[in-house]
Amino acid sequence: MKMKEIRNFCIIAHIDHGKSTLADRLLEHTQTISDREKKDQLLDDMDLERERGITIKSHAIQMNYLSNGEVYTLNLIDTPGHVDFSYEVSRAIAACEGALLVVDAAQGIQAQTISNLYLALEHDLEIIPVLNKVDLPSANPDEVKDQIIDLIGCEEEDILMASAKTGLGINDILEAVVERIPAPEGDPDAPLQALIFDSVYNPYRGIEAFFKVVNGKIRKGEQVKFMNTGSKYYADEIGVLKLGQESRKEIGTGNVGYIISGIKEAKEVKVGDTITSFERPASAAIEGFENVKPMVFAGIYPVDTEEFEELRASLEKLQLNDASLTFEPESSAALGFGFRCGFLGMLHMEIIQERLDREFNMTVITTVPNVSYYAYMKKEPDSKVIVNNPSEFPDPTKMERMEEPYIKAQIITKADYVGAVMNLAIEKRGQLKNQVYLTSERVEMTFDMPLAEIVFDFYDRLKSISRGYASFDYHPVGYRESDMVKVDVMLNGEPVDALSALIHRSNSYDIGKKICEKLKELIPRQQFMIAIQAAIGAKIIARETLSALRKDVTAKCYGGDISRKRKLLEKQKAGKKRMRQVGNVEIPQQAFLAVLKLND
Amino acid sequence: MKEPLSEFFYQSFHSLAGAYIHIPFCKQACIYCDFHFSTLEKDRGAMTMAIIKEAQLRKDFLPQQALKSIYFGGGTPSVVPIADIEKIIEALDNLYGIDASAEITLEANPDDLNEAYLTELSRSPVNRLSIGIQSFKEADLSFMNRAHSAKEAIGCLESLAKYGFDNYSIDLIYGLPNQSPEDWLWQMEHLKTFDIPHFSAYALTVESKTKLAYLQAKGAVELKDENAAKHFELLQDFAKKEGYEHYELSNFARPGKRAVHNGSYWEGTAYLGLGPSAHSYNGKERSWNVANNALYLKALEQDGLALEKEILEEKDRFNEMLMTRLRLLEGISEREINSFSPVFQRHWLKESRKLLATGKLVQFSEGYRIPSEWRFFSDGIAADLFYT
């Protein structure tokens with residue numbers, strides 16, 4: 001196979017704009033899969049991904065396509081579609097020479113599409129714009145075409161019209177991939193440099209890493225080195241990715257493949273790392289490598305205190321195939337022993353919680369998530385103290401200042417909702433940095449905003465105030481000084497550490513009040529009165545009273561009532577099992593996340 | 001595998017069984033009621049024949065022994081002619097036999113209990129009445145959309161003695177919106193005035209799909225548990241002072257006047273339920289007829305049954321035992337707990353210990369019961385003891 005017959009590309013699209021369906025059509029059209037093997041959304045193979053309709057872990061697949069008498073090798077590199085995974089997206093893009101920019105002809109360009117498009121342009125990818133779902137009655141191709149032209153400065157005739165659902169335009173897309181996307185460039189004789197853009201955990205074979213050979217070639221059996229981690233392995237098996245893996249003796253320059261080398265843990269393989277030959281190493285690693293850092297932290301505790309060791313074992317297993325999950329033991333006066341876990345974002349946190357439940361049958365309590373703060377003490381004003389947990393919040397009198405992480409948030413919405421989005425962003429301590437009308441109807445707004453505000457119900461509220469017509473993306477932009485306070489919650493005068501939250505002083509009274517109100521709603525009435533208080537230090541800032549339960553019996557219990565009543569009480573008892581007793585108060589799981597749902 | 005049936009069990013199910021007959025007709029709908037009924041007059045004749053046919057088709061459901069109780073409930077059984085009630089009793093006598101001392105109860109509303117009706121009833125085999133008085137106050141009755149007036153309530157109680165009915169019960173409802181403790185005490189005074197032998201007092205409960213639920217959701221009616229709890233306390237004091245046994249959560253009797261038929265629900269003995277929506281139980285399974293008059297009649301027209309059933313596992317029986325016995329003054333007997341498999345006995349030991357420690361459960365010579373101050377929490381306490 002010659003380098004000039006290789007095309008490496010990815011698909012940039014917003015969730016639901018038809019990326020997975022388009023991928024399916026490309027695979028069918030190139031006969032990479034037979035009808036028998038056809039499954040909808042072929043590239044997503046975790047149950048969870050299928051249910052949520054998002055691609056969490058990226059994969060790659062190789063197709064052969066005949067054009068003008070030449071057989072081309074097309075490597076389609078799939079990219080994750082959520083902001084939590086933006087670093088992985090950047091590495092997948094770095095492995096490509098071109099990208100299909102897929103835009104829904106009815107919905108137009110969304111924030112996520114734009115941020116990924118910018119990433120692709122940064123890497124000089126050839127962009128092939130594709131207008132998808134043109135068959136929909138609600139399609140508005142002319143307007144969306146204008147948006148695309150504005151955005152990437154292409155000619156109208158460069159935009160391909162397609163319907164992945166009906167198969168319209170698939171052939172044009174494949175032809176454009178061959179004609180417009182350049183073949184990879186690289187030196188076949190140089191020392192090996194292969195870029196790892198993804199990895200998955202296979203319980204039988206260990207870690208499978210996916211790479212693109214940038215220079216040189218990789219041979220089966222040779223000793224290789226991962227340049228950033230410094231580890232050495234043997235390339236026990238290498239190959240290309242068809243519908244399944246097909247092993248090869250060698251993968252040449254410009255091509256995409258997989259390597260299996262007996263690695264047991266995901267954390268040994270870092271996305272963005274460079275594979276080189278041990279005997280003849282490259283002088284430098286490929287640029288752009290970053291250690292992925294967790295952005296959001298929360299405590300995870302077993303509902304049953306005796307399941308602590310089981311929880312540890314489950315988290316360890318999860319970490320085998322999800323290196324971005326971090327955890328360390330912590331203890332809470334209210335909840336006992338658990339783990340402080342780090343996640344890439346809120347979606348990642350939800351996924352971990354769901355996987356614990358589904359794959360390990362672990363029922364857990366998740367505490368209020370927070371970001372990572374830096375505290376600088378008066379004594380040592382130059383050394384930062386990392387605060388990943390409200391319980392680590394230093395004594396305010398001894399603290400010189402505190403910093404919190406900020407993000408650049410991009411929001412694209414209909415012009416009608418600009419006011420509402422602006423109000424929300426300001427409430428969330430956002431500062432408008434830029435506002436651009438993409439068309440007369442669609443506006444792109446850029447804000448500087450504390451990451452912590454995104455953690456607290458920002459995304460849900462954005463969707464609801466814009467009736468779904470707002471898309472959102474963000475990137476971290478470093479730390480800024482901030483005035484944070486710790487809001488504690490007390491039940492009948494007893495502080496419940498697991499309910500504490502770090503909140504900006506300007507919002508603290510309001511949020512303290514809302515926390516109390518929400519807890520009143522979520523904690524079931526018990527046989528005694530419960531005082532719910534929020535406090536900053538010794539100062540009480542809000543109070544609610546949950547009156548005592550005075551009656552817990554139905555008046556009638558005759559022949560026709562017994563079955564129904566038994567089932568009802570069994571259900572109640574099951575609900576009680578998921579509650580945690582703190583002092584003498586029983587607290588349901590969802591109360592620990594009350595602070596996230598203050599506006600529901 | 002055959003489940004080990006304990007001695008206790010055999011004893012329960014070889015003791016006498018009862019029959020419940022659901023008469024699914026009413027003059028009008030009370031705002032709180034979620035029982036099955038129709039206010040249409042059609043089908044009333046056909047229903048009697050269908051119920052008799054159902055009794056014949058299900059002859060083998062109960063052990064072949066004389067019935068110890070028959071209960072006509074509803075709906076409003078007093079809206080059908082007494083001749084129909086007698087036909088059903090006769091059919092049951094032919095199928096099972098009726099014990100000489102059997103309790104035969106008819107639910108009736110005050111507006112139906114006129115002199116002519118009572119005359120006819122006094123000549124029938126019916127020997128106990130359960131009268132839906134609910135309140136002696138006109139405003140309460142109209143709020144609840146009852147068919148009778150306060151005057152009719154008083155009038156029927158005055159007539160009962162005249163016709164020789166000394167075994168009867170009345171229903172009262174407390175915890176009504178705007179009902180003060182004084183109102184409720186005034187209601188209970190009537191029990192004394194008429195020397196009522198048995199009464200049921202129910203806390204007004206909002207059942208889904210009732211007019212009351214609608215009014216509550218709309219905010220037109222507000223029910224407070226605090227009021228119900230206060231009234232329940234007054235009720236307990238009243239019963240104690242006036243010599244009523246508070247033998248079941250909502251039932252009170254002069255000694256010797258406890259309800260026999262309803263006791264079978266709380267004591268776990270067998271009962272056959274006939275008519276639309278009626279439930280049956282024979283120790284192993286519970287079944288229930290479709291809650292729809294037309295479907296019920298249609299099935300029986302074709303000699304079939306419109307019946308659903310569930311088989312009760314030991315766990316279900318254990319939980320039901322807790323749920324029903326803990327409503328009783330006598331509570332749960334040690335003997336009955338020991339009739340369950342060892343795993344349930346161990347479970348009981350472990351879970352009951354916690355409740356004994358908090359005083360929500362007390363032990364006495366024959367068993368365990370919920371003390372009076374915790375009786376208004378019986379369901380929650382039973383659920384704490386459930387085996388899941």
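The values are calculated or read from the model by the stated rules, or taken from the named source; none is laboratory data. Keep in mind that what you see is a predicted model, and the values were worked out from it rather than measured. Cβ coordinates were reconstructed from backbone atoms using ideal geometry, including for glycine residues, and neighbour counts include every protein chain displayed. We work out accessible area using only protein heavy atoms, side chains counted, and drop any ligands, DNA or RNA first. Shrake-Rupley method; radii C 1.70, N 1.55, O 1.52, S 1.80 Å.
Open to solvent by 30 Å² or more (accessible area, probe 1.4 Å), among the small types (Gly, Ala, Ser) and touching a helix residue (DSSP H, G or I) at 6+ places or on another chain (Cβ under 7 Å): which single residue out of B:Ser339, B:Ser352, B:Ser372, B:Ser365 fits that description?
Only one candidate passes the filter, namely B:Ser372.
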Residues of segment A:180-200 being closer than 16 Å to A:Asp273 by Cβ and surrounded by 20 or more Cβ atoms within 10 Å (Cβ to Cβ), in sequence order, are A:Leu192, A:Gln193, A:Ala194, A:Leu195, A:Ile196, A:Phe197, A:Asp198, A:Ser199
Is segment A:461-483 home to any residue that is free of Cβ contacts under 8 Å to residues at least 60 places away in the same chain, small (Gly, Ala, Ser) and surrounded by fewer than 20 Cβ atoms within 10 Å (Cβ to Cβ)?
yes
Name every residue in segment A:577-600 that is over 32 Å from the mean Cα position of the chain (by Cα) and either within 11 Å of chain B (Cβ to nearest Cβ) or at positive phi (or both), in order of residue number.
A:Gly583, A:Asn584
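Condition check ((1) under 21 Å from A:Ala323 (Cα atoms); (2) modelled with pLDDT under 95; (3) surrounded by 13 or more Cβ atoms within 10 Å (Cβ to Cβ); (4) of a type in the set (Phe, Trp, Tyr)) across all residues:
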position: A:Thr253; (1), (2), (3), (4): no, no, yes, no
position: A:Ile263; (1), (2), (3), (4): yes, yes, yes, no
position: A:Glu268; (1), (2), (3), (4): yes, yes, yes, no
position: A:Thr274; (1), (2), (3), (4): yes, no, yes, no
position: A:Phe297; (1), (2), (3), (4): yes, yes, yes, yes
Every listed condition ((1) more than 17 Å from the chain's Cα centre (by Cα); (2) at negative phi) holds for B:His279 save (1)
Answer with yes or no whether B:Leu185 is without any contact (Cβ under 8 Å) to a residue 60 or more places away in the chain, more than 10 Å from every other protein chain (Cβ to nearest Cβ) and farther than 30 Å from B:Ala102 by Cβ.
yes
Go through segment B:340-353 and count every residue that is away from chain A (no Cβ under 12 Å) and more than 14 Å from B:Gly367 (Cβ to Cβ).
8
I'm checking my understanding of the structure. Among residues of segment A:531-550 that are out of contact with any Phe, Trp or Tyr (no Cβ under 6 Å at 6 or more places or on another chain), without any contact (Cβ under 8 Å) to a residue 40 or more places away in the chain and part of a loop (DSSP other than H, G, I, E, B), which one is most open to solvent (accessible area, probe 1.4 Å)?
A:Ala538
Scope segment B:221-247; condition within 8 Å of chain A (Cβ to nearest Cβ) and open to solvent by less than 40 Å² (accessible area, probe 1.4 Å); matching residues
B:Ala228, B:Ala229, B:Phe232
If only one of B:Glu320, B:Glu313 is among the charged types (D, E, K, R), within 14 Å of chain A (Cβ to nearest Cβ), within 22 Å of B:Lys284 (Cα to Cα) and open to solvent by less than 80 Å² (accessible area, probe 1.4 Å), which one is it?
B:Glu320
Taking the criterion of being out of contact with any Gly (no Cβ under 7 Å at 6 or more places or on another chain) and open to solvent by 10 Å² or more (accessible area, probe 1.4 Å), would at least one residue in segment B:270-277 satisfy it?
no
The listed residue being under 21 Å from the mean Cα position of the chain (by Cα) and small (Gly, Ala, Ser), out of B:Ala294, B:Ala299, B:Ala270:
B:Ala270
Out of everything in segment B:323-339 that is over 19 Å from B:Asn282 (Cα atoms) and under 19 Å from the mean Cα position of the chain (by Cα), what residue ends up being nearest to the other protein chains (Cβ to nearest Cβ)?
B:Arg327
Quick one: A:Lys576 ticks every box in (1) touching a residue at least 12 places away in the same chain (Cβ under 8 Å); (2) open to solvent by 70 Å² or more (accessible area, probe 1.4 Å); (3) within 25 Å of A:Asp304 (Cα to Cα) bar one, so which box is it?
(1)
With respect to the numbered conditions (1) closer than 30 Å to A:Asp104 by Cβ; (2) touching a residue at least 60 places away in the same chain (Cβ under 8 Å); (3) open to solvent by 30 Å² or more (accessible area, probe 1.4 Å), which one is the sole condition not fulfilled by A:Val177?
(3)
Does A:Ala323 satisfy being within 23 Å of the chain's Cα centre (by Cα), surrounded by fewer than 20 Cβ atoms within 10 Å (Cβ to Cβ), under 26 Å from A:Lys270 (Cα atoms) and not polar (S, T, N, Q)?
yes
Consider only pairs whose beta carbons are under 6 Å apart and that are at least six residues apart or on different chains; among these, list those whose first residue lies in segment A:555-567 and is at the interface with chain B (Cβ under 7 Å from one of its Cβ atoms) and closer than 15 Å to B:Phe35 by Cα and whose second residue is open to solvent by less than 40 Å² (accessible area, probe 1.4 Å) and aliphatic (A, V, I, L, M).
A:Ala555/B:Ala203
Test: residue in segment A:490-505 that is out of contact with any Leu (no Cβ under 9 Å at 6 or more places or on another chain), within 28 Å of A:Phe447 (Cβ to Cβ) and open to solvent by 60 Å² or more (accessible area, probe 1.4 Å)
yes
Whether any residue in segment B:87-100 is over 18 Å from B:Tyr271 (Cα atoms), of a type in the set (S, T, N, Q), in the same structural domain as B:Leu129 (by TED's automatic domain parsing) and open to solvent by 10 Å² or more (accessible area, probe 1.4 Å) is what I want to check.
no
Return the total of residues in segment B:267-277 being over 15 Å from B:Leu67 (Cα atoms), touching a strand residue (DSSP E or B) at 6+ places or on another chain (Cβ under 7 Å) and more than 7 Å from chain A (Cβ to nearest Cβ).
2
Residue that is out of contact with any Lys or Arg (no Cβ under 7 Å at 6 or more places or on another chain) and under 24 Å from A:Leu325 (Cα atoms), where the choices are A:Ala99, A:Ala111, A:Ala120, A:Ala94:
A:Ala94
Taking segment A:551-573 and keeping only residues that are surrounded by fewer than 18 Cβ atoms within 10 Å (Cβ to Cβ) and hydrophobic (A, V, I, L, M, F, W, C), one is left with A:Leu568
